[in-house]
Amino acid sequence: MRRLARALVIAAALSAATALSAQDNPYRTIEGWAKMPDGRTWGSTSAVDIDRDGRSIWVAERCGANTCLDRATGQISILPTILKFDSGGALVKSFGGGMLVFPHGIHVDREGNIWVTDGQDNAPAPQGGSTPPAAERTGPAPGVTKGHQVFKFSPDGTLLMTLGKPGGAAAPEYFYQPNDIVTAPNGDIFVAEGHGGANSRILKFAKNGKLLAVIGKKGTGPGEFDQPHALAFDSKGRLFVGDRNNNRIQILDQQGTFIEEWKQFSRPSGIYIDKNDTIYVSDSESGAVGNGRSRTEKRGIRVGRISDGKVIAFIPDPVDVATNTSAAEGVAADGDGNVYGAEVGPKALKKYVKK
């Protein structure tokens with residue numbers, strides 16, 4: 001009976017979410033809020049989180065483009081990729097130059113340390129079609145020496161920990177295409193990997209970096225994933241997984257046991273849950289990318305409640321028709337309720353404030 005009641009609540013939330021339109025947007029957009037140094041322009045970013053102070057913003061940015069790698073030369077840009085902005089949009093800290101090929105996910109832990117995933121590698125261009133297509137691979141191509149790692153930095157930019165082999169590895173080793181990282185209250189580390197390859201799983205580590213468990217595999221069933229793109233914890237310690245290619249959020253306990261799935265937040269690229277259990281979910285692909293092209297749901301940021309799963313607000317993508325990723329991919333909200341969208345296609349960091 002309880003399962004049926006919960007299913008009815010979620011069905012009602014899904015129906016309500018479908019009915020949302022631009023008229024339900026209680027936010028106004030502030031563009032150009034975060035100011036880059038003179039001579040530097042914004043590149044793609046899918047990674048945004050809030051500093052321990054509740055007001056400053058951390059972003060991982062792709063060196064003015066959609067990668068920090070010059071594949072023709074094999075060189076990684078020396079531009080700092082990890083950026084901290086104060087509440088007024090001034091850049092106050094930057095580091096990470098020359099370290100990351102493709103910064104993808106970011107997480108600020110309870111001590112204020114910054115974790116970043118590097119989701120691609122420096123593989124040379126394939127020769128003669130001998131390398132399996134990316135969609136068939138479970139690990140990096142031959143010749144890789146950098147990428148597919150997770151880095152932990154102190155707030156001043158000191159490297160504290162590195163997870164994964166340089167250049168990545170296939171199972172049972174790790175990583176290949178790590179998407180996001182989040183830490184539990186006890187310090188356990190969860191990393192989601194698989195971004196279009198044949199792998200999709202979550203790896204759980206102790207706070208010292210020891211691998212504890214592997215959760216899930218590629219698939220469509222409960223506890224299976226297809227491009228687990230985002231991770232977040234609610235106040236009960238449940239793990240929310242943005243299972244993007246399956247167009248759902250999966251909710252798990254910390255042992256990886258499936259609890260339920262939510263579809264009312266559309267196709268999740270990013271998830272953020274604040275201290276009040278308000279959930280923010282970004283959809284950057286519906287109607288535009290991959291198996292999301294046939295979807296009629298609108299791209300944008302959906303704001304909802306964990307308590308009942310209801311979507312209560314929607315910040316729409318201003319672009320009606322897109323042929324690639326559009327609007328926010330990463331999402332976060334500060335202590336004042338301002339929302340931040342990290343955009344890959346438009347190459348921007350947008351700020352949304354209540355009207």
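The values are calculated or read from the model by the stated rules, or taken from the named source; none is laboratory data. Model, not experiment: these values are computed from the prediction. We place every Cβ from the backbone using ideal geometry, glycine too, and count neighbours over all the protein chains shown. Only protein heavy atoms, including side chains, enter the accessible area calculation; ligands, DNA and RNA are left aside. Shrake-Rupley method; radii C 1.70, N 1.55, O 1.52, S 1.80 Å.
Here are the numbers for this structure:
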item	result
Test: residue in the stretch 275-291 that is surrounded by 24 or more Cβ atoms within 10 Å (Cβ to Cβ), in contact with a His (Cβ under 7 Å, 6 or more places away or on another chain) and part of a loop (DSSP other than H, G, I, E, B)	no
Number of the condition not met by Ile315 [criteria: (1) in contact (Cβ under 8 Å) with a residue 60 or more places away in the chain; (2) in contact with a strand residue (DSSP E or B) (Cβ under 7 Å, 6 or more places away or on another chain); (3) farther than 19 Å from Tyr340 by Cβ]	(3)
Condition check for Leu83: at pLDDT 95 or above and either closer than 26 Å to Asp234 by Cβ or not in a loop (DSSP other than H, G, I, E, B) (or both)	yes
Residues of the stretch 55-72 satisfying the condition of being at negative phi, assigned to a loop (DSSP other than H, G, I, E, B) and open to solvent by 20 Å² or more (accessible area, probe 1.4 Å)	Arg55, Ala65, Asn66, Thr67, Arg71, Ala72
Complete set of residues in the stretch 179-194 that are closer than 14 Å to Thr138 by Cβ and either among the charged types (D, E, K, R) or in a strand (DSSP E or B) (or both)	Glu193
Residue match in the stretch 38-52 (condition: aromatic (Phe, Trp, Tyr), in contact (Cβ under 8 Å) with a residue 40 or more places away in the chain and part of a loop (DSSP other than H, G, I, E, B))	yes
Asp308 under 20 Å from Ile279 (Cα atoms), open to solvent by 20 Å² or more (accessible area, probe 1.4 Å), among the acidic types (Asp, Glu) and assigned to a loop (DSSP other than H, G, I, E, B)	yes
Residue list for the stretch 89-128, filter: more than 18 Å from the chain's Cα centre (by Cα), at pLDDT 95 or above and small (Gly, Ala, Ser)	Gly89, Ala90, Ser94, Gly96, Gly97, Gly98, Gly112
Exclusive hit being without any contact (Cβ under 8 Å) to a residue 40 or more places away in the chain and either touching a strand residue (DSSP E or B) at 6+ places or on another chain (Cβ under 6 Å) or crowded, with 23+ Cβ neighbours inside 10 Å (or both), set Leu211, Leu239	Leu211
Which numbered condition Gly197 misses (of (1) in contact with a Leu (Cβ under 7 Å, 6 or more places away or on another chain); (2) part of a loop (DSSP other than H, G, I, E, B); (3) surrounded by 19 or more Cβ atoms within 10 Å (Cβ to Cβ))	(1)
Residues (touching a residue at least 40 places away in the same chain (Cβ under 8 Å) and touching a Lys or Arg at 6+ places or on another chain (Cβ under 9 Å)) located in the stretch 214-231	Val214, Ile215, Gly216, Gln227, Pro228, His229, Ala230
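Condition check ((1) among the hydrophobic types (A, V, I, L, M, F, W, C); (2) closer than 18 Å to Trp33 by Cβ; (3) surrounded by 24 or more Cβ atoms within 10 Å (Cβ to Cβ)) across all residues:
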{"site": "Lys298", "(1), (2), (3)": "no, no, no"}
{"site": "Ile312", "(1), (2), (3)": "yes, no, no"}
{"site": "Pro318", "(1), (2), (3)": "no, yes, no"}
{"site": "Gly330", "(1), (2), (3)": "no, yes, yes"}
{"site": "Gly335", "(1), (2), (3)": "no, yes, no"}
{"site": "Lys347", "(1), (2), (3)": "no, yes, no"}
{"site": "Val353", "(1), (2), (3)": "yes, yes, no"}
